[in-house]
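These notes are about the structure you will find just below.
The values are calculated or read from the model by the stated rules, or taken from the named source; none is laboratory data. Everything numeric in this text was worked out from a predicted model, so none of it was measured. Here the Cβ positions follow ideal geometry from the backbone for every residue, glycine too, while neighbour counts run over all protein chains shown.
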Amino acid sequence: MSQSLLRVSADVATEFDAYTRTAYVEERIALMVQKIGYVAACIDLFHWRHVIDQALREVEAERSASR
């Protein structure tokens with residue numbers, strides 16, 4: 001009887017360990033996805049800043065040319 005209890009206890013511990021690892025991995029993946037999203041947003045903002053700066057330069061050039 002004690003042998004089967006040890007086996008059940010070991011099985012439960014193994015399942016809990018696997019669950020804990022899975023939860024940890026899922027948490028790490030979620031964190032990485034958030035970081036990737038943040039980097040992508042920064043790149044997108046940098047791109048749009050470049051586009052806006054280019055448009056402002058063109059407007060300033062047109063104003064200078066019309067004077």
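Out of region 36-67, which residues are surrounded by 10 or more Cβ atoms within 10 Å (Cβ to Cβ) and among the basic types (Lys, Arg)? Passing the criteria: 49, 57.
Quick test for you: out of 18, 61, 55, pick the one residue that is aliphatic (A, V, I, L, M) and modelled with pLDDT under 90.
18
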